[in-house]
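Chemist: Shown below is the structure under consideration.
Every number in this text was worked out from the coordinates using simple rules, so none of it is lab data. Values in this document were obtained by computation on a predicted structure and should not be read as measured data. Cβ placement follows ideal geometry from the backbone for every residue including glycine, while neighbour counts extend to all protein chains displayed.
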Amino acid sequence: MRLENKIVLISGGASGIGAETARRVVREGGKAVVGDRDEEKGRALAAELGPSAAFVPLDVVDEPAWQKAVATTVDTYGALHGLLNAAGIGVRNSIEDCSLEEYRRVNDVNSMGTFLGCKSAIPAMARSGGGSIVNISSVLGLRGASYAMAYCASKGAVRSLTKNVAMHCAQMKYGIRCNSVHPGYIDTPMIAPRLSGTIDNMTGRQWLEALHPLGRLGRAEEVADMILFLLSDESTFSTGSEFVCDGGLTA
Ligand code: NAP
């Protein structure tokens, strides 16, 4: 029961890493509010998890929707102790072929969505006595990749935003910590389109696996375990830090 009585709002909670985190939150004695633009999958997950989980429709680029998601969480379970910003989109482009529209779309969801999540949740978390914000960045927020320019830029912004939120909350003595998580390639629906096809005489999957010294893709559960640690009181001296979960990719 590592999250007993902790109430956690998860953006992008209907799929992949967000969904695995919701399952862990409930298994460890907490309450999970799944926010996602995919209502069908989000409601199905909340139903699977029972009375300790609820679904709220949430498009992370929509500020009133964030405010409603926070209010619904507090109305339903009485407080807000944890926020996981997991909603994200991955798009392939280089600095030369990325249009302004595409750059804005990726940065709106990945970076601005995380900004709006932190901004909307902090007052309710402070009133709840503090807690933990976890923002999912990426190894591509730590290093470059010629094929993912807008994504790298958006995830670098998440890394930097996280440190600013951590500093602000510490200065205000809210008792709120904020850390970023940097996964390598994780086998979720996000990367499914990249697993087929051929690159350098390898399948897409083999090519991605070879990037990791451990020789395989990560699993959503492995990232969720790191997030669980950060949401729990096992990490109370960690804030403004980068937690890498990448099978050795950045080493
Ligand atoms: P996923 O399975 O595709 O889950 C992401 C979820 O976010 C989906 O349900 C998606 O809905 C939702 N979403 C997208 N845009 C949204 C929006 N505007 N508002 C609300 N929800 C939205 O992907 P994942 O791999 O679990 O990704 C979770 C996070 O980890 C992302 O931030 C991603 O960038 C990051 N990450 C992933 C990997 C990886 O290799 N998988 C590596 C590093 C970092 P739709 O299905 O409708 O788009």
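Chemist: Of VAL134, THR250, GLY12, which is farthest along the charge dipole of the chain in the positive direction, counting Lys and Arg as +1 and Asp and Glu as -1 at C-beta?
Modeler: Comparing the listed Cα positions along the dipole, VAL134 ranks first.
Chemist: Can you compute the FRET efficiency between THR250 and ILE95 using 1/(1 + (r/R0)^6), with r the Cβ-Cβ distance and R0 = 25 Å? Round to the nearest 0.05.
Modeler: Details: r = 21 Å, r/R0 = 0.86.
So the FRET efficiency works out to roughly 0.70.
Chemist: Sticking with this one: Do the sum for the chain: with -39,500 (n - 2.57) for every DSSP H run of n ≥ 4, divided by all residues, what is the mean residue ellipticity at 222 nm, to the nearest 500 deg cm²/dmol? Can you show the working numbers first?
Modeler: Details: 9 runs with 107 residues, N = 251.
Using -39500 (n - 2.57) per qualifying helix, the result is -13000 deg cm²/dmol.
Chemist: What residues qualify as long-range amide H neighbours of PHE55, i.e. H under 5 Å apart, gap of 5 or more or another chain, H built at 1.01 Å from N?
Modeler: For PHE55, whose amide H was placed from the backbone, the distant partners under 5 Å are VAL34.
Chemist: Provide the net charge surrounding MET1, with neighbours chosen by a C-beta distance below 13 Å and charges set as Lys +1, Arg +1, Asp -1, Glu -1. Could you put the intermediate results ahead of the total?
Modeler: Details: positive: ARG2, LYS6, ARG24, ARG27, LYS31; negative: GLU4, GLU28, ASP233, GLU234.
Cβ neighbours under 13 Å give a net charge of +1.
Chemist: Let me ask something else. Which whole-angstrom value gives the distance between the alpha carbon centres of segment 1-30 and segment 42-66?
Modeler: 12 Å
Chemist: Restricting to lysine pairs 8 or more places apart or on different chains, what number in the chain have Cα atoms under 24 Å apart?
Modeler: So the count works out to 16.
Chemist: Identify the GluC sites (Glu not before Pro) of segment 39-142 meeting these criteria: DSSP loop state and at most 11 other C-beta atoms within 10 Å of the C-beta. It would help to have the intermediate numbers written out before the result.
Modeler: On the way: sites: GLU39, GLU40, GLU48, GLU96, GLU101, GLU102; in loops: GLU96.
Listed in order of number, the matching sites are GLU96.
Chemist: If amide H atoms are built 1.01 Å from N in the plane of the peptide, which residues on other chains or at least 5 residues away come under 5 Å of the amide H of LEU83?
Modeler: Residues meeting the amide H criterion: LEU9, SER132, ILE133, VAL134.
Chemist: Determine ³J(HN,Hα), in whole Hz, for all residues of segment 81-97 in sequence, where each value follows from phi through the Karplus function 6.51 cos²θ - 1.76 cosθ + 1.60 and θ = phi - 60°; x replaces Gly and Pro.
Modeler: 10, x, 10, 10, 8, 10, 4, x, 10, x, 9, 8, 6, 10, 4, 8, 10
Chemist: Which far-off residues, 5 or more places away or on another chain, put their amide H under 5 Å from the one on CYS245, with H placed in the peptide plane?
Modeler: Counting only residues 5 or more places away or on other chains, the set is HIS182, GLY184.
Chemist: Can I ask one more? Using θ = phi - 60° and the Karplus relation 6.51 cos²θ - 1.76 cosθ + 1.60, list the HN-Hα couplings for segment 184-191 in order, rounded to whole Hz, with x at every Gly or Pro.
Modeler: Coupling constants for segment 184-191: x, 7, 10, 6, 10, x, 4, 9 Hz.
Chemist: Can you give me the P(r) profile for the chain? Cα pairs, bins 5 angstrom wide beginning at 0, each as a whole percent.
Modeler: Cα pair-distance distribution for the chain, in percent: 1, 7, 14, 19, 21, 17, 11, 6, 3, 1, 0, 0.
Chemist: In nm, to one decimal, how far is the modelled label at ASN5 from the one at ASN164, with both set 7 Å along Cα→Cβ?
Modeler: Taking the simple label geometry, ASN5 and ASN164 are separated by 3.5 nm.
Chemist: Could I have the simple spin-label model distance between ALA71 and MET202, label points 7 Å from Cα toward Cβ, reported in nm to one decimal?
Modeler: Label at ALA71, label at MET202, 5.0 nm between them.
Chemist: Oh, and also: List the chymotrypsin sites (Phe, Trp or Tyr not before Pro) within segment 172-251 that fall in a DSSP loop (any state other than H, G, I, E or B) and whose Cβ has at most 13 other Cβ atoms within 10 Å. Walk me through the numbers before you get to the answer.
Modeler: Values: sites: TYR174, TYR185, TRP207, PHE229, PHE237, PHE243; in loops: TYR174, TYR185, PHE237.
Passing sites in segment 172-251 are PHE237.
Chemist: Okay, next question. Checking understanding here: applying a Kyte-Doolittle mean of at least -1.0 and a length along the axis of at least 24 Å (C-alpha), which whole DSSP H helices in the chain pass? If you can, show how the numbers build up before the last one.
Modeler: On the way: long enough: 149-171 (33 Å, 0.15).
Helices passing the filter in the chain: 149-171.
Chemist: Further question on the same structure: Taking the Cα centre as origin and putting +1 on Lys and Arg beta-carbons and -1 on Asp and Glu beta-carbons, what dipole magnitude results for the chain, to the nearest 20 debye?
Modeler: Values: 25 positive and 27 negative charges, 106 e Å.
Here the chain has a charge dipole of around 520 debye.
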